[in-house]
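Beneath this line is the structure, given in structure tokens, with notes to follow.
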């Protein structure tokens, strides 16, 4: 494998300093978090950054915290492995820890950060659909101040986000959810691990205790459009209804119609579309059935 | 661009001027001469280059030297306990958990990471933990067996 070219390397101690480095040094710089996308792009795809700004010496950018208002904040430098194994996330949103566990290997997840997973904006990023169904927001800091955007509006296309070059994603926030929220993330790929999603489907809804009606339905598709995609017509078809297998099938078909997949080396667009239907149906039914207890069970119940 | 970094390697302190873009894998093998860690794919898929960085297994082919100031690194050379092989090394030997042996250092490091967290893993848990370690001789059955036997050895110690 090719080696990386030399580059200027900065390790700022504060966000202001990081942002200033980008402004002063101009185009061609890259922020470094876990490096599992950046270093691979440099080795495999010949990316040559003029300079690299390592964010890991800035304190306060990692960790998962429950706030007094019931929201959960996840620092951008929190690793995917931390999200996978966090007792708080596993208890409240097991499908979010599962989505983190779908990324690469344990070695990769010990380095890969949730901020990098978002900022790289790969359409197949496993972390995005689960965070978007949870209404997560992204806090961004730049030379011109802070702003917060819904994660749903953060992505602009493959590798493109709403951030300008001097801006840094510093935190994701999951607003407080109701006690009856259920959810599921299914990554569909022929290999059980170490593969990119052909299709990713995250769903979440509040499941009525006695009437079993679904409310606040959110369905987000990954890897089947230039950005993670909310299937709004599918959501509307389930809203206020009682989930049955027949209805789940119908909602899946609507989601399949809403998907905008492409054909590539992994899969044809038609196949991806069909799998969106099947996986959305399964995800809706699995969410109602409760969290999977092991990755074997999680794997088995994709089908 | 070079910078001075200080880090610990298998318990020994090292201070060195290194090019910031040098990969940890190359720093270990080519500059320090510790060659137990292997390069397979170079892109984080195969796990042959697995080392512990600050207590956690990572792919050393994706870590830049510039990131290493203050780091604690343990490689396969640091797995032995004094002069004795680590129980995981013993059971890989005993069970034939290696064919050509190229993936073995990474397999051993990852197996240690698993057993540190989970002293009694099921076969599925072992396969989950070793998903990022590829063996092209495809001798996975004996590798899984070796991890199970190592777990038993460690539990009975």
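The values are calculated or read from the model by the stated rules, or taken from the named source; none is laboratory data. Quick caveat: nothing in here was measured; it's all calculated off a predicted structure. Heads up, the Cβs are rebuilt from the backbone with ideal geometry, glycines too, and the neighbour counts pull from every protein chain shown.
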Identify the residue in the range B:91-115 that is free of Cβ contacts under 8 Å to residues at least 40 places away in the same chain and under 25 Å from residue A:299 (Cβ atoms) and, among all such residues, is nearest to the other protein chains (Cβ to nearest Cβ). B:114
For residues that are out of contact with any strand residue (DSSP E or B) (no Cβ under 6 Å at 6 or more places or on another chain) and not in a helix (DSSP H, G or I), scanning just the range A:105-117, find the one that is nearest to the other protein chains (Cβ to nearest Cβ). A:105
Being in a helix (DSSP H, G or I) and away from chain B (no Cβ under 14 Å) is the filter; apply it to the range A:282-303 and report the residue that is surrounded by the fewest Cβ atoms within 10 Å (Cβ to Cβ). A:289
For the range B:20-37, state whether one or more residues are touching a residue at least 40 places away in the same chain (Cβ under 8 Å), closer than 25 Å to residue A:7 by Cβ, within 12 Å of chain A (Cβ to nearest Cβ) and surrounded by fewer than 16 Cβ atoms within 10 Å (Cβ to Cβ). no
The strands (runs of 3 or more DSSP E) lying entirely within the range B:1-93 that contain at least 3 residues which are within 15 Å of the chain's Cα centre (by Cα) are B:50-53, B:56-59, B:72-74
Got a sec? Which helices (runs of 4 or more DSSP H) wholly within the range A:1-90 have at least 3 residues that are at the interface with chain B (Cβ under 9 Å from one of its Cβ atoms) and touching a residue at least 24 places away in the same chain (Cβ under 8 Å)? A:38-44
Starting from residues that are more than 18 Å from the chain's Cα centre (by Cα) and without any contact (Cβ under 8 Å) to a residue 60 or more places away in the chain, keep the ones in the range A:154-180 and report whichever is nearest to residue A:143 (Cα to Cα). A:164
The residue that is nearest to the other protein chains (Cβ to nearest Cβ), considering only those in the range B:39-83 that are at pLDDT below 95 and over 16 Å from residue B:104 (Cα atoms), is B:81
With the structure loaded, tell me whether residue A:100 is touching a residue at least 12 places away in the same chain (Cβ under 8 Å), within 16 Å of the chain's Cα centre (by Cα) and not in a strand (DSSP E or B) or whether it fails that test. yes
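For the condition in contact with a strand residue (DSSP E or B) (Cβ under 8 Å, 6 or more places away or on another chain) and buried (at least 21 other Cβ atoms within 10 Å of the Cβ), what is the one hit in A:66, A:102? Explain how you work it out, then say what you get.
Values: A:66 fails: buried (at least 21 other Cβ atoms within 10 Å of the Cβ).
Selected residue: A:102, the only one of A:66, A:102 that is in contact with a strand residue (DSSP E or B) (Cβ under 8 Å, 6 or more places away or on another chain) and buried (at least 21 other Cβ atoms within 10 Å of the Cβ).
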